[in-house]
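Structure record follows, encoded as structure tokens.
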Amino acid sequence: RTFRSLHTYNFRLFFISQVISMSGTWMQSVAQGWLILQLTGHNGFYLGVSVALQYLPMLLLGSYGGLLVDRTSKRKVLYVTQSTAGLSALVLGLLVSTHHAQVWQVFVLSLALGVSNMFDVPARQAFIQEMVGRDLITNAVSLNSALMNSGRLIGPAISAGVIAAWGTAACFFVNAGSYVAVLIALLAMDGSKLTPIRRVTRAKGQVMLGLRYVKSNPVLRRPLIAVAIVGTFAFNFTVTLPLLVQRTFHDQRAGDYGILLSAMGLGAILGGLTVAHRSRPSLKLMSTLGVLFGLCMAGVALSPNQLVATILLVPTGAFSIAFVSTGNAMLQLNSTEEMRGRVMSLHATAFLGSTPIGAPIIGVICNLTNPRVGLGVGAGLTFLTGLMLVRQSRQP
């Protein structure tokens with residue numbers, strides 16, 4: 001029951017390739033965070049800016065990315081975006097390996113990756129239904145969330161050894177190569193087995209139409225607002241966790257940062273698989289997960305040592321991904337085919353596009369106080385968001 005969508009040939013290809021790609025992505029995430037801290041003397045603000053630039057295009061133009069996805073073949077969009085992301089990783093690897101890497105170059109490449117993701121994220125999410133059909137969409141979305149975070153488990157664990165042996169450049173090269181697996185999977189898919197989705201013809205006002213569509217529908221609006229709040233202030237772990245390791249626990253080893261991310265990734269896999277098995281997304285479930293996510297995150301902020309923080313990151317990862325997966329499934333199930341790309345782009349904007357706002361804020365808070373406070377702010381707002389959803393789940 002938990003893995004039934006993997007019986008679909010095309011989704012199985014996609015799933016396997018994404019495990020490889022996401023592992024490479026998280027290897028780059030660890031290496032890039034470590035590189036920024038080395039280049040800037042452990043400055044949390046610059047780390048926040050590098051993360052923010054990766055998601056700034058999603059914040060500013062995410063709806064237009066979703067509209068293009070609604071008008072175009074999702075598969076063709078993915079060919080372009082995956083190739084672009086791989087090229088960006090390759091260039092960064094070359095800069096680091098030749099000792100020419102500077103902070104501004106990392107910023108530019110982060111922005112370039114953000115432009116690619118503006119189209120890639122809604123295309124990947126909307127493409128899932130083409131591969132599995134409507135009946136398996138909740139299961140497939142949850143399994144996809146689990147696989148996205150299997151990379152968080154595998155990637156940091158590998159990156160720790162790779163950085164120690166060959167330096168950060170090797171992580172960027174491995175990530176560049178991992179995109180080849182996705183391109184091969186896309187080429188190998190059976191187009192006749194894809195569920196045809198009606199494309200939107202070009203017309204004026206289509207972006208605003210998508211915004212009005214979500215605003216007028218509380219079943220879509222409520223989870224979207226909740227994801228925006230949590231995405232802005234809680235999902236800044238690529239900022240808070242390396243600072244927690246270096247400044248709070250006084251550990252300068254990249255491997256230990258990788259262990260923290262791997263612990264969170266393990267929990268995320270468990271959370272994604274649990275939602276995949278349950279397959280009954282609701283606002284009530286989302287509210288419960290939000291409260292539990294906030295409580296576990298608060299526990300990480302208050303951890304007396306690195307071991308306790310590592311242990312608590314497992315349930316934190318589980319509840320965080322279960323929260324996001326539930327919201328994602330609710331949006332996909334309750335949106336029409338012709339609006340799905342725009343709805344999922346709004347979800348991506350709420351979840352990922354909010355990072356340019358939240359990451360620098362949390363980075364500054366960590367600089368002015370300490371990483372525990374930065375984590376605590378996210379934990380408190382997540383807990384309050386969960387309580388808000390409890391009240392909304394009782395309303396019509």
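Quick rundown of the values:
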item	result
Peptide ranges 271-277, 121-127 listed from the most packed, as the mean C-beta count within 10 angstrom indicates	121-127, 271-277
For the chain: accessible area per residue (Å², 1.4 Å)	39
Non-local Lys pairs in the chain, i.e. 8 or more apart or on different chains, that have alpha carbons under 28 Å apart	7
When the convex hull of its Cα atoms is projected in every direction, mean area for region 247-355 (nm²)	7.8
Kyte-Doolittle mean at least -1.0, axial Cα span of 18 Å or more - DSSP H helices of the chain	9-40, 44-71, 74-97, 103-132, 137-166, 168-188, 218-233, 254-278, 283-301, 306-333, 355-368, 371-393
Packing rank of 20-27, 89-96, 354-361, where each peptide gets the mean count of other beta carbons within 10 Å, highest leading	20-27, 354-361, 89-96
Intensity falloff of region 270-321 expressed as log10 I(q)/I(0), Debye formula with alpha-carbon point scatterers, at q = 0.24 Å⁻¹	-0.86
Charge dipole of the chain about the Cα centre (unit charges at C-beta), most positive-ward option of Phe45, Gly33, Gly133	Gly133
Region 181-274 shape via C-alpha gyration tensor axes, a/c threshold 1.5	oblate
Helical mean residue ellipticity (222 nm; -39500 (n - 2.57) per DSSP H run of 4+; nearest 500) of the chain	-28000 deg cm²/dmol
Region 1-138: equivalent-ellipsoid semi-axes (sqrt of 5 x gyration tensor eigenvalues, Cα, Å)	31, 17, 13
Carbon/sulfur fraction of accessible area - region 199-349, other protein chains in place, 1.4 Å, %	67
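The values are calculated or read from the model by the stated rules, or taken from the named source; none is laboratory data. All values reported here derive from a predicted model rather than from experimental measurement. Cβ atoms come from the backbone with ideal geometry, glycine included; neighbour counts cover every protein chain shown. The accessibility values were calculated without ligands, DNA or RNA, using every heavy atom of the protein model including side chains. Shrake-Rupley method; radii C 1.70, N 1.55, O 1.52, S 1.80 Å.
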